[in-house]
1. Can you report the number of residues in region 51-74 which are in contact (Cβ under 8 Å) with a residue 40 or more places away in the chain and on the phi > 0 side of the Ramachandran plot?
2. Go through 103, 47, 72 for me and flag whichever is in the same structural domain as residue 147 (by TED's automatic domain parsing), crowded, with 19+ Cβ neighbours inside 10 Å and in contact with a strand residue (DSSP E or B) (Cβ under 7 Å, 6 or more places away or on another chain).
3. Taking the criterion of being under 30 Å from residue 19 (Cβ atoms), at pLDDT 90 or above and in a helix (DSSP H, G or I), would at least one residue in region 163-176 satisfy it?
4. Let me confirm something: among 268, 284, which residue is without any contact (Cβ under 8 Å) to a residue 60 or more places away in the chain and under 34 Å from the mean Cα position of the chain (by Cα)?
5. Please go through region 133-149 and pick out each residue that is surrounded by 21 or more Cβ atoms within 10 Å (Cβ to Cβ) and over 29 Å from residue 85 (Cβ atoms).
6. So, in region 153-181, how many residues would count as being touching a strand residue (DSSP E or B) at 6+ places or on another chain (Cβ under 8 Å) and either surrounded by 20 or more Cβ atoms within 10 Å (Cβ to Cβ) or not assigned by TED's automatic domain parsing to the domain that holds residue 108 (or both)?
7. Return yes when residue 274 is under 35 Å from the mean Cα position of the chain (by Cα) and either closer than 30 Å to residue 40 by Cα or free of Cβ contacts under 8 Å to residues at least 60 places away in the same chain (or both) and no when it is not.
8. Which residues, counting only those in region 28-42, are touching a strand residue (DSSP E or B) at 6+ places or on another chain (Cβ under 8 Å) and assigned to a loop (DSSP other than H, G, I, E, B)?
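The values are calculated or read from the model by the stated rules, or taken from the named source; none is laboratory data. All values derive from a computational prediction rather than experimental measurement. When we count neighbours, we look across all protein chains shown, and the Cβ atoms used for this are built from the backbone with ideal geometry, even at glycine.
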């Protein structure tokens, strides 16, 4: 099924911000979210990351008023979700893509949602085209694949042309083309000034999509800031070096205080950037065949900073059900 490319511009009032302060949620003796405070700014894609059981889905449900916090507060544009007038025109959300009446067509599913918030019916066909479901608009949603349901859920989130968008695992079930499309769509929405808050376990995708991150573990805030800073804080940069004068170059690098590891005729250098290494090689008279900076990945940074906050490890037996 076709996707529109590039994503069409979605018009509307732009702006919006999410603010959580001391957000706490208990389920009996289980503390799912623990004194969590963060803010999500407009105009950027903010990734919401954490291990399984970290409290991400619970937090998103509290933002949308589906669960009441035990303590603390969370607001959208300074208001609780329940107090928003025609909320779908302010906030669009995808939490569970499979939520739909199996006997309704895709178009009728969106039509009744639109009617509930006084959204013009023409908007239904606009979002169906936007997500690539026009050709199956009259088919019953009960026969949809997971990927098609995901796109129908995205259409529901976009229906009110909202200022604020929350997506929980939006690429589940999508093929590579669909993943690329939703990434570009989220970035385009943020570029218009909208607030885009997205939870995902696909760290490689988040590294390409999100400019900012909110990272939690065991319900607590671990990090809030830019994706770039998160990676730089948790990983070290190195430079891959190949040269026919490897021994001379290694000795010169070591004298300058660089950390040098050698493996199969290649040096991995830490503590010195590629410019400094190139200048030192020139001064040493060493020919360079390769000088490749290597930056840490979001996955490496995530594992480094959230390792102690993982609720369930492979090999655990009899673990309790997860609260995401």
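1. Number satisfying all stated conditions: 3.
2. Numbers: 103 fails: crowded, with 19+ Cβ neighbours inside 10 Å; 72 fails: crowded, with 19+ Cβ neighbours inside 10 Å.
Of 103, 47, 72, the one residue that is in the same structural domain as residue 147 (by TED's automatic domain parsing), crowded, with 19+ Cβ neighbours inside 10 Å and in contact with a strand residue (DSSP E or B) (Cβ under 7 Å, 6 or more places away or on another chain) is 47.
3. Within region 163-176, none of the residues are under 30 Å from residue 19 (Cβ atoms), at pLDDT 90 or above and in a helix (DSSP H, G or I).
4. 268
5. 144, 148
6. Adding up the residues that qualify gives 15.
7. yes
8. Keep residues of region 28-42 that are touching a strand residue (DSSP E or B) at 6+ places or on another chain (Cβ under 8 Å), which gives 31-42.
Those that are touching a strand residue (DSSP E or B) at 6+ places or on another chain (Cβ under 8 Å) and assigned to a loop (DSSP other than H, G, I, E, B): 41, 42.
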